[in-house]
Amino acid sequence: MEDALYNKLGSDRISSRQIDELIGLARGLVADGIVNQAEVEFLEKWLVANAGVSDSPLLGTLYRRVREILADGIVDDEEKTELLDTLNRFSNRDFELGETLKATTLPLCNPAPALAFEGVSYCFTGTFNYGQRKHCEAAVTERGASAGGLTQKTNVLVIGTYATDSWKHSSFGAKIMNAVEYRKKGLPISIVSEKHWVSHLG
């Protein structure tokens, strides 16, 4: 029993040290305001070396996200922006990849509406558990919907699961605020959580 407790405390110390190291690494990567291909590949190497000795869901989730970004061998501009936002929030310690969306602070429709796909226009913002934004967009276009940037013709804005109380200051906050303004003007736009959207994929 004591050995098990000692091992648990030891692994907690390893995880804590890894998180501190990762925060330092994240701060270094975002210092110049951009993330390049070599930096993403370096981050992947660090995660490969460290995720295996840690049961931290945070490291595992970030590792999965970086692997997805590098899957095609090219880090495009949207992927760079998405990862930069994630690392920025993580390096400021106001964001955990294991922390789920705070429904109370986000302007989600209440009650959440039933979602359709055929002929419906979707926009995705934030960081998603489902996968990268392009994977989310593919999921709705395969079902007859369209997906793209936020416009006055957008029917549904889906907000990624990983969001914090500081969402208004994040890179995707402006999109959410614009959607709220559209809704106030009476435009038929629904703002829903990733969890609600996924429940309609069937």
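Here are a few things to note about the model shown:
- Around W46: net Lys/Arg minus Asp/Glu count, Cβ-Cβ under 14 Å: 0
- Length released on extending from K185 to F42, taking residue separation times 0.36 nm less the Cα-Cα span: 46.9 nm
- Phi-derived couplings, Karplus 6.51 cos²θ - 1.76 cosθ + 1.60 at θ = phi - 60°, listed residue by residue for the stretch 186-202: x, 6, x, 10, 9, 10, 10, 7, 4, 4, 5, 4, 4, 5, 9, 6, x Hz, with x used for Gly and Pro.
- For I191, distant residues with modelled amide H under 5 Å away: C109, L157
- With all protein chains modelled, accessible area of K175 [1.4 Å, Å²]: 60
- Amide hydrogen neighbours beyond the local backbone of T127, cut-off 5 Å, H modeled: G160, Y162
The values are calculated or read from the model by the stated rules, or taken from the named source; none is laboratory data. Note that the coordinates shown come from a computational prediction; the quantities given were computed from them, not determined experimentally. Note that we place each Cβ from the backbone using ideal geometry, even for glycine, and neighbour counts take in every protein chain shown. Just so you know, the surface numbers come from the protein's heavy atoms only, side chains and all, with ligands and any DNA or RNA stripped out. Shrake-Rupley method; radii C 1.70, N 1.55, O 1.52, S 1.80 Å.
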